[in-house]
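Please read the structure below before turning to the comments.
The values are calculated or read from the model by the stated rules, or taken from the named source; none is laboratory data. As the structure is a computational prediction, the values presented were derived from the model and not from experiment. Virtual Cβ from ideal backbone geometry, glycine too; neighbours counted across all protein chains shown. Accessible surface is based on the protein model in full, side chains and every heavy atom, while ligands, DNA and RNA are left aside. Shrake-Rupley method; radii C 1.70, N 1.55, O 1.52, S 1.80 Å.
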Amino acid sequence: MPSIPARPRNPFTATVGKTPLVLAGRDQYLRDFDAAIQDGPGSHERISIVTGPRGIGKTVLLNEFEAVAKTHSWYVISETTTRGFNDRIRDRAFSLLQDLSDEPKQRLSGIKLPYLGFDTEAIPSFSPTPTLRSILEELFDRQAELDTRLGQEPVGLLITLDELHYAHMDEIIEFGTTIQHLVRENREIAIAMAGIPGAVKPLLAADEGRNPVTFLRRANKIETGMVPIEEVRTALDKTTEQVGISWTPQALDHATKATGGYPFMIQLVGQHAFRNYTGNTIDEEAVSRGIGDARRKLGQLVHEPSIADLSEVDRTFLIAMSTDDGPSRMSDIAARMGVDAQYAGNYRKRLIDAEMIRPTAHGFVDYELPYMREYLRSHHAAEAMEQFSIWPE
Ligand SMILES: Nc1ncnc2c1ncn2[C@@H]1O[C@H](COP(=O)(O)OP(=O)(O)OP(=O)(O)O)[C@@H](O)[C@H]1O
Ligand SMILES: [Mg+2]
């Protein structure tokens, strides 16, 4: 009996942290990073910080940097900046060192690792506690020896740190100090970090007499933004092409525009339009239905959770902003809310701290998250009408 041809799997990846089948618009960053790996120690892009709002593709960019590093046979340690991350990196580095070594115990005779149950009897009386720095130095020494012996290009180590947050300032300073030493020693190391702007900015600012995180300040800053619309079109097209499905020109055009260049939306629009394909084609109707679903999903996954924990007044402030088509003037917001400037100013600060809004030009604020305005207009319009008598009938 002839088998029924299988319907291809949906090729879009509308999941946070998941690398898409076709990456849109990040080529230059990858080329720069690749060049930095080849240029050698000291090249600027070897220490990079990626910032941008939720869903803009920061984690995906870190994944891609890891892929680039692996094409050069580099080691990769991938971590999130939660408590204890220095220890976890040290432990990962230690296991890399063990893998590298034929006779780890001999090589490691100066390093005591009680938590790994190491045999301490053979170790001389003074055995310094292994630190992230000592283990990484050992790893770099060992690898450099091997590279020389084999006459090969130096093999380095990339550490990625996602969800960078000032709440872990002390550990980040500790990490930075170690990395600074290694950089000064011309080790083959690269660091790529990522976080939302509100969580990263305080790390870059001077901090009441404390050691600011110098290595962060000097780092290559990558501010990820929207993907240019032409590259969205290519990415949507190439993604479905891989499973043998094509778009009608109007459908592709419509879908491309609906993403607004926002990476999470590229995947959501693609995914939901794909669900409606007929024959081997995604047509205009499939896209129109898909866009509605994608918007709803974006609201559920990104916007709704982000406002769920806010107070009533915080939310009122955000809704008051949604009347404007661009950044909102503080005095307008205060007038719409029927409060004085100082009261509105307090909520402005709260919302900046909560990473919901950011100051733009003097006296103006805008939403941090893409499509927040549209979300509030469609979900909280009634609420807004009730509250702000200033709004037109
Ligand atoms: N360059 C890109 N082209 C196409 N899709 C992308 C691109 N970058 C990311 N995506 C998609 O966008 C979504 C969000 O990506 P990612 O998780 O990397 O965002 P993020 O900035 O790390 O978000 P968060 O701040 O919530 O951690 C994922 O579904 C991913 O597949
Ligand atoms: Mg992320």
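Per residue, the average separation of C-alpha pairs within less than 8 Å and at least 6 apart gives the chain a relative contact order of 18 percent.
Scattering from the chain was approximated by placing one identical point on each alpha carbon and applying the Debye formula without solvent; log10 I(q)/I(0) at 0.13 1/Å stands at -1.13.
Counting only Cβ charges, +1 for Lys and Arg and -1 for Asp and Glu, the dipole size of the range 309-387 around its Cα centre is about 180 debye. Shape of the range 229-306 from its Cα gyration tensor (a ≥ b ≥ c, root eigenvalues): rounded if a/c is under 1.5, otherwise prolate when a/b > b/c, or oblate? Here the range 229-306 falls in the prolate category. Placing +1 on the Cβ of every Lys and Arg and -1 on the Cβ of every Asp and Glu, with nothing else charged, gives the range 198-297 a dipole about its Cα centre of roughly 500 debye. Please say if the range 309-387 is rounded, prolate or oblate, where rounded means a/c under 1.5 for a ≥ b ≥ c the square roots of the C-alpha gyration tensor eigenvalues, and otherwise the choice is prolate for a/b larger than b/c and oblate otherwise? Because its axes are fairly even, with a/c under 1.5, the range 309-387 counts as rounded.
Candidate membrane-span-like segments in the chain, meaning DSSP H helices with Cα atoms spread over at least 15 Å of their own axis and a Kyte-Doolittle mean of 0.0 or above, are 58-71, 169-184, 263-275, with no membrane implied.
When all protein chains stay in place and ligands, DNA and RNA are ignored, the 1.4 Å accessible-area order of T80, T148, T316, largest first, is T148, T80, T316. Selection among Q342, F65, Q250 by position relative to the dipole of the chain gives Q250 as farthest towards the positive end (Cβ unit charges, Cα centre). Measuring against 25 Å, Cα to Cα, the residue pairs K297/K349; K70/K201; K201/K297; K221/K257; K58/K257 contain K297/K349; K70/K201; K201/K297; K221/K257 as the ones spanning a longer distance. Run the 1.4 Å probe and let me know the accessible area of I229, rounded to the nearest 10 Å². About 70 Å², rounded to the nearest 10.
Considering helices alone, the calculated mean residue ellipticity of the chain at 222 nm is -15500 deg cm²/dmol, with DSSP H runs of length four and up weighted by -39500 (n - 2.57) and normalised per residue.
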